[in-house]
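S.K.: Mind looking over this structure? Questions follow.
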Amino acid sequence: MKKLPILIDCDPGHDDAVMLMLAVGSGLFDIKAITTSAGNQTQEKTLKNALKIITLMDADIPVYKGSEKPLFRELIIADYVHGEMGMDGPSLPDPVLKHEPLSAIEAIAQILTESLEKITVVPTGPLTNIATFLLAYPHLKPKIERISLMGGGAFRGNITPTAEFNIYVDPEAASIVFNSGVPITMCGLDVTHKALVFQKDIEMFREIGNKSGKVVAELMDFFSIYYRRERPELAGGAALHDPCSIAWLIDPSIFISKPCHVAVELTGTLTAGTTVVDFFDVLKKTPNVEFVYDIDRDKYMQLIYNAVQMLP
Ligand code: RIB
Ligand code: CA
């Protein structure tokens with residue numbers, strides 16, 4: 001079966017790491033590159049974490065360093081979720097690989113220019129790198145098949161009452177992406193707060209018996225600390241956000257989505273960084289997003305389990 005060509009832009013990050021393991025372990029993707037964004041932790045740390053996960057999987061995928069900070073704002077990190085190093089919990093060997101000399105933006109431009117086919121872009125952190133690329137290389141937009149992103153939400157926030165972290169960190173970048181005209185699949189908090197990993201799932205990963213299963217379990221052990229303390233509404237589950245953007249590419253039938261118009265609030269005193277999702281189409285604007293809002297959680301977890309089983 002022909003593999004789908006993709007570019008991944010992420011800020012590892014516990015759930016980014018599991019997303020990478022799903023992408024690689026599924027065997028369904030031709031991963032042209034991984035670029036790293038600043039978000040869950042600083043660029044230095046997310047870059048190192050990406051290299052560590054690639055090393056763990058013994059995957060031959062080039063990694064490129066992205067922007068150190070948002071387009072116009074100071075960087076906000078999520079160390080309160082992901083810890084001091086951004087992927088706390090498992091002790092992973094230092095990466096044997098180094099990142100490539102090209103910048104993330106130059107790498108995306110080179111890969112899209114040279115590709116004979118369109119490429120799907122999968123961002124799971126703040127959208128700074130993707131927005132910068134779109135601003136610098138607008139002529140390459142037609143080479144992007146789709147952007148399948150984790151970010152935003154219609155009915156709740158996680159860093160403010162209405163804004164989701166990835167969008168909130170760089171709302172101007174998000175606005176550029178949502179207004180780009182490129183087809184977008186948006187996996188926001190509405191679906192990711194149903195994509196919950198529970199203790200029984202964590203033990204399932206631990207019992208796989210390979211290195212990767214053990215690392216997934218230890219990542220989720222740490223990741224769950226925040227969610228059990230701060231999100232009792234999730235009944236002990238942790239929102240496994242980022243793998244949704246890859247899982248939708250693997251099997252959209254395990255999700256429910258609808259075309260919606262989505263805009264990003266940039267200036268609201270209380271609502272800056274909010275994705276304003278016109279879920280009921282009250283404005284009658286042309287939809288710019290496939291808005292994902294429900295999931296078959298068991299099938300989702302099975303996809304990840306099957307992929308992790310295939311890893312070292
Ligand atoms: O709000 C959740 C998102 O922010 C996820 O992508 C998580 O990794 C963090 O980047
Ligand atoms: Ca992320």
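S.K.: Taking the condition of being farther than 20 Å from Thr36 by Cα and either touching a Lys or Arg at 6+ places or on another chain (Cβ under 9 Å) or assigned to a helix (DSSP H, G or I) (or both), how many residues in region 114-139 meet it?
M.R.: 6
Yes/no matrix, rows are residues, columns are (1) free of Cβ contacts under 8 Å to residues at least 12 places away in the same chain; (2) within 15 Å of ligand 2 (Cβ to nearest atom); (3) farther than 23 Å from Tyr300 by Cβ:
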position: Leu4; (1), (2), (3): no, no, no
position: Asp16; (1), (2), (3): no, yes, no
position: Leu22; (1), (2), (3): no, yes, no
position: Ile34; (1), (2), (3): no, yes, no
position: Lys45; (1), (2), (3): no, yes, yes
position: Ile76; (1), (2), (3): no, yes, yes
position: Gly86; (1), (2), (3): no, yes, yes
position: Leu102; (1), (2), (3): no, no, yes
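S.K.: So Leu75 passes all but one of these: (1) in a helix (DSSP H, G or I); (2) under 21 Å from Thr132 (Cβ atoms). Which condition number does it fail?
M.R.: Unmet condition: (1).
S.K.: If you scan region 175-202, which residues turn out to be part of a helix (DSSP H, G or I) and in contact with a helix residue (DSSP H, G or I) (Cβ under 7 Å, 6 or more places away or on another chain)?
M.R.: Ile176, Val177, Val191, Thr192, Asp201, Ile202
S.K.: Restricting to region 151-208, what's the tally of residues that are charged (D, E, K, R) and within 16 Å of ligand 1 (Cβ to nearest atom)?
M.R.: 5
S.K.: OK, next. Out of curiosity, is Asp221 under 20 Å from the mean Cα position of the chain (by Cα) and either over 17 Å from Asp15 (Cβ atoms) or within 16 Å of ligand 1 (Cβ to nearest atom) (or both)?
M.R.: no
S.K.: For residues that are assigned to a loop (DSSP other than H, G, I, E, B) and out of contact with any Asp or Glu (no Cβ under 6 Å at 6 or more places or on another chain), tally how many sit in region 80-113.
M.R.: Looking only at that region, the number is 18.
S.K.: Then there's this: Find all pairs meeting these conditions: Cβ atoms under 6 angstrom apart; at least six residues apart or on different chains; first residue within region 125-145 and among the acidic types (Asp, Glu); second residue surrounded by fewer than 18 Cβ atoms within 10 Å (Cβ to Cβ).
M.R.: Once the first residue is among the acidic types (Asp, Glu) and sits in region 125-145, its partners that are surrounded by fewer than 18 Cβ atoms within 10 Å (Cβ to Cβ) give Glu145/Lys118.
S.K.: With respect to Val96, is the statement that it is among the aliphatic types (A, V, I, L, M) and modelled with pLDDT under 95 true?
M.R.: Yes: the conditions hold for Val96.
S.K.: Report yes if some residue within region 155-164 is under 15 Å from Val276 (Cα atoms), of a type in the set (Val, Ile, Thr), away from ligand 2 (no atom under 16 Å from the Cβ) and modelled with pLDDT of 95 or more; otherwise report no.
M.R.: yes
S.K.: Which number in (1) of a type outside the set (A, V, I, L, M, F, W, C); (2) away from ligand 1 (no atom under 13 Å from the Cβ); (3) surrounded by fewer than 24 Cβ atoms within 10 Å (Cβ to Cβ) marks the one condition that Lys45 misses?
M.R.: Among (1) of a type outside the set (A, V, I, L, M, F, W, C); (2) away from ligand 1 (no atom under 13 Å from the Cβ); (3) surrounded by fewer than 24 Cβ atoms within 10 Å (Cβ to Cβ), Lys45 violates only (2).
S.K.: Name, by its number, the condition in (1) of a type outside the set (S, T, N, Q); (2) more than 11 Å from ligand 1 (Cβ to nearest atom); (3) in contact with a Ser or Thr (Cβ under 8 Å, 6 or more places away or on another chain) that does not hold for Val24.
M.R.: Only one criterion is unmet by Val24, namely (3).
S.K.: Scanning region 115-150 for residues that are within 18 Å of Thr46 (Cα to Cα) and hydroxyl-bearing (Ser, Thr, Tyr), which turns out farthest from ligand 2 (Cβ to nearest atom)?
M.R.: Thr128
S.K.: Here's a follow-up. What tally of residues in region 116-155 results from selecting those that are out of contact with any Asp or Glu (no Cβ under 7 Å at 6 or more places or on another chain) and exposed (fewer than 15 other Cβ atoms within 10 Å of the Cβ)?
M.R.: Number satisfying all stated conditions: 8.
S.K.: While we're on this one: Applying the selection to region 140-169, what residues are part of a loop (DSSP other than H, G, I, E, B) and closer than 15 Å to Val182 by Cβ?
M.R.: Gly151
The values are calculated or read from the model by the stated rules, or taken from the named source; none is laboratory data. Predicted model only: the values in this text are computed from it and were never measured. Every residue, glycine among them, receives a Cβ derived from its backbone with ideal geometry; neighbour counts consider all protein chains shown.
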